[in-house]
Amino acid sequence: MSGTRDDGSYRAAGWGWFLAWVLVGACAGIGLAAILTVGVVFVVLAAVAAVFLLRTGPARAVVGGVSGVALPLFYLAYLNRGGPGEVCHAVPGGQSCTDEYMPVPFLVAGALVLVAGCVIHVMTGRRGRAGRVQEAGRAGHARGPGPEGSHLRDRTPGNARPGQCRPNDCT
């Protein structure tokens, strides 16, 4: 498989790593929001997962952690969906009232963070692929014919081997 090919498996793998980082970011966000109770466990879990992903995955997928912070924000918006103000619910034997915040700021912040992380991931992926194609193109033209079956080759007459170039590429 060539490093310059833009096939679906490469893109799917990139998004898989991104989603793994989304989970790490969500875990860290929940941990920080609940730091006085069970948050320490979530923060430690996020740290261990981050170390594992940093050692095994591509570095550009780290922005998924930024998008992961959106999940706790969406959850906070959901919890405050009846607000702002005092919201009462019927319970057996009476009612229970709680003060809720306005959910819109949590929803907007979550959407902005989620979209920002996705856009940064897409942009770094495009820049990385474009750089690899340009480097491979320069390397292929500077050294002559590439490996068998490569379409990156020196286009000087007489350097073509059977099956090496695409139709209409050989001079």
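The values are calculated or read from the model by the stated rules, or taken from the named source; none is laboratory data. Just so it is clear, the structure is predicted and the values come from calculations on it, not from any experiment. FYI the Cβ positions are ideal-geometry reconstructions off the backbone, even for glycines, and counts take in every protein chain you see. When the accessible area is computed, the model is the full protein with side chains, heavy atoms only, and any ligands, DNA or RNA have been set aside. Shrake-Rupley method; radii C 1.70, N 1.55, O 1.52, S 1.80 Å.
Just a few scattered comments:
- Under 5 Å from the amide H of Glu100 lie the amide H atoms of Gly85, Glu86, Val87, each residue being 5 or more positions distant or on a separate chain, with H modelled from the backbone and absent for Pro and chain starts.
- FRET efficiency for Arg81 and Val44, using Cβ-Cβ distance with R0 set to 22 Å, rounded to 0.05: 0.10
- Spin-label model distance (nm) - Val108 vs Val122, 7 Å beyond Cα toward Cβ: 2.3
- Using θ = phi - 60° in the Karplus curve 6.51 cos²θ - 1.76 cosθ + 1.60, the 3J(HN,Hα) couplings for region 44-58 round to 5, 4, 5, 5, 5, 5, 5, 4, 4, 5, 5, 7, 10, x, x Hz; x is entered for Gly and Pro.
- Placing dummy labels 7 Å off each Cα toward the beta-carbon, the span from Val91 to Val51 is 4.1 nm.
- Across Phe18, Phe74, Phe52, the residue with the most accessible area heads the list, and the full order at a 1.4 Å probe is Phe52, Phe74, Phe18.
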